[in-house]
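Below is one structure, written out as structure tokens; the observations come after it.
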Amino acid sequence: MDTQDVRKQCELVAQEWATNPLFDKETQEAVKAMLTAEDPTELIDSFYRSLEFGTGGLRGIMGPGTNRMNKYIVGMATQGFANYINKAFPEGGKSVVVGHDCRNHGRMFAESVAAIFSANGIKAYLFESLRPTPEISFAIRQLGAVAGVNVTASHNPKEYNGYKAYWSDGAQVLAPHDKGIIDEVNKVKLEDVKFEANPDLIQIIGGEMDYDYMTAVKEAMVDQDVILRQKDLNIVYSAMHGTGRVIVPLCLRSWGFQNINVVPEQMVVDGNFPTVVSPNPENAEAMTLGMKLGTKLNADLVVATDPDADRLAIVCRDPKGEWQIINGNQTCMMFVYYIIKNKKALGTLKDSDFLVKTIVTTEVIAEMAKKEGVELRDCYTGFKWIAREIALSEGKQKYIGGGEESFGFLPYDKVRDKDAPASICLICEIAAWAKDQGKTLYDLLMDIYKEFGFSYEYTINVVRPGKTGADEIKQMMEDFRGDKAPKTLAGSPVVLTKDYEALTTTDGEGKVQPLDMPAKSNVLQWFCADGTKISVRPSGTEPKIKFYCEIKDQIATAEEYPTAVEKAKAKVEAIRKDLGV
């Protein structure tokens, strides 16, 4: 379909939005403005498709249109979700949990979601105000709910909002429920949506659930004696304008930490995120204010949560006293290292205990688990897959930790999603343990590299917004599966290719074998003779394609670390050229 045909199609749909009385006046006027604008870009991007209700829910830019987050798209998604729940649980008395974060329109969306569920005979436990994503996950199991919705766009820019769908186990939905919900959502028309609430089926929750969640978080603690010895550990915390502002300091105090300082400018709830370019802990800029306060207070470490408090960021001091940002892979390594080492020392590590990481997360963790004799499972990107591994072993084996490179970790089995409050408490315990030995978290990281091998990870994000961008990303993946598949990367031969869509592995000699995974996924991985691992996947929630680079080396001393990093950066640039990105 050419550009003119796409524009005509978009105009037809937009005319319906501009004239149908089911849409409010404000929406109609905004759409009319798009229709009369000289530049059709906004019209096309807003209407060229329907915002897809994927396996995790919705995420998109807020505004009027079929490809935008607004009360009508959210309403149709919720009606479809409610229809599926009523089919899956035909008996009465069922309930869902509904929460939201700090984003603009979040409360309105959450109240609308609760209203639609109640209108469909489903009781909605609606949080009184913004709450962390992990608390929503926790509350679903705590209240015996059959499902849940959290209105959040996580760490995306301020223009975005989203809708995460959860099932009765507190995890984001997986097969067969994901496909079933999508089918129901796709059947819904706007006139089918029951917007009128049944107040008798909406219950506001808050403080009591906070207390229960904070009590549960303490189960992630490994060794309280360490905290008691270092209770004055100097901690600086930033909520990045989001949901961790109250719960994280309270959790830290409940663990025994007494010297907690907050970044005041970033404790203000604000969906416009005025103190950062983007509220993403992966961006160093977002930690600037925290580091400034950390310097002023001579803090031991600076920690932060993203707006919905599922991801965490950590900044610690190097031997020169300079602040060093710990990336997501390094964060995951430190958690796994400490959990294994200290559980062994305390005699609490069992032979049946297991860890989980995602396929794009550093292989240093695999080396660690192998050497220590602990089971490690690989799964797809996203905590719903880690949650699946926990569920598969429930009552048989104990989950003791799992994480992914994108700054997410879950150190216990009371939540089935990334949990920044629990992880921040545990990383502070780890910092206290290191300080006990006269070390910093940076020193601990160097110890890991010396024992298990150095690894440098870097993610190349290629952003391609709009319809043309989506088409370009699709073509890139087709090319990499075809004649543009790399034979060498940075001079090292590709010795193994894993295609998670075809569910095959292909070695350097062309031998093909099946790949054992629970589902297909649009991911490619290339493993090179020198230990390099490259993973490529289109983002499921953003208009981008991601290239996860892992470069391996050996270091004998901490002094060799900077040189190893520079060598690895040069190799990443060579890989960029090889892949044309």
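The values are calculated or read from the model by the stated rules, or taken from the named source; none is laboratory data. None of the values given here were measured: they were computed from a predicted structure. Because the Cβ atoms are built from the backbone with ideal geometry, glycine has one as well, and the counts that use them run over all protein chains shown. When the accessible area is computed, the model is the full protein with side chains, heavy atoms only, and any ligands, DNA or RNA have been set aside. Shrake-Rupley method; radii C 1.70, N 1.55, O 1.52, S 1.80 Å.
Listed by position, the strands (runs of 3 or more DSSP E) inside the stretch 468-581 whose residues that are surrounded by fewer than 18 Cβ atoms within 10 Å (Cβ to Cβ) number at least 1 are 492-499, 504-507, 512-514, 544-553.
Residues in the stretch 42-50 include none that are crowded, with 22+ Cβ neighbours inside 10 Å, of a type in the set (A, V, I, L, M) and within 19 Å of Pro157 (Cα to Cα). Just so you know, in the stretch 201-212 the residues that are in contact with a strand residue (DSSP E or B) (Cβ under 9 Å, 6 or more places away or on another chain) and outside any strand (DSSP E or B) include one that is most open to solvent (accessible area, probe 1.4 Å), and it is Leu201. The condition of being under 18 Å from the mean Cα position of the chain (by Cα), under 29 Å from Leu250 (Cα atoms) and polar (S, T, N, Q) holds for only one of Thr348, Thr331, that being Thr331. Scanning the stretch 20-52 for residues that are hydroxyl-bearing (Ser, Thr, Tyr) and out of contact with any strand residue (DSSP E or B) (no Cβ under 9 Å at 6 or more places or on another chain) yields Thr27, Thr36, Thr41, Tyr48, Ser50. Considering the stretch 164-199, the residues that are part of a loop (DSSP other than H, G, I, E, B) and among the acidic types (Asp, Glu) include one that is most open to solvent (accessible area, probe 1.4 Å), namely Glu196. When every residue of the stretch 35-49 is checked against the conditions, at least one turns out to be within 28 Å of Gly382 (Cα to Cα), of a type in the set (Gly, Ala, Ser) and modelled with pLDDT of 95 or more.
Going through the stretch 298-323 one residue at a time, which ones are open to solvent by less than 10 Å² (accessible area, probe 1.4 Å) and assigned to a strand (DSSP E or B)?
Of the stretch 298-323, the ones open to solvent by less than 10 Å² (accessible area, probe 1.4 Å) are 299, 301-310, 312-316.
Hits for the stretch 298-323 are Leu301, Val302, Val303, Ala304, Thr305, Leu312, Ala313, Ile314, Val315, Cys316.
A count restricted to the stretch 386-412 and to residues that are under 23 Å from Thr459 (Cβ atoms) and of a type in the set (D, E, K, R) stands at 2. Out of the residues in the stretch 103-134 that are touching a residue at least 60 places away in the same chain (Cβ under 8 Å), among the basic types (Lys, Arg) and outside any strand (DSSP E or B), which is nearest to Asp308 (Cα to Cα)? Among those residues, the one meeting the criterion is Arg131.
Scanning the stretch 264-275 turns up at least one residue that is assigned to a helix (DSSP H, G or I) and open to solvent by 10 Å² or more (accessible area, probe 1.4 Å). Listed by first and then second residue, the pairs linking a residue in the stretch 233-245 that is farther than 25 Å from Arg103 by Cβ and open to solvent by less than 10 Å² (accessible area, probe 1.4 Å) to a residue that is basic (Lys, Arg) and assigned to a helix (DSSP H, G or I), with Cβ atoms under 8 Å apart and 6 or more places separating them unless they lie on different chains, are Leu233/Lys435.
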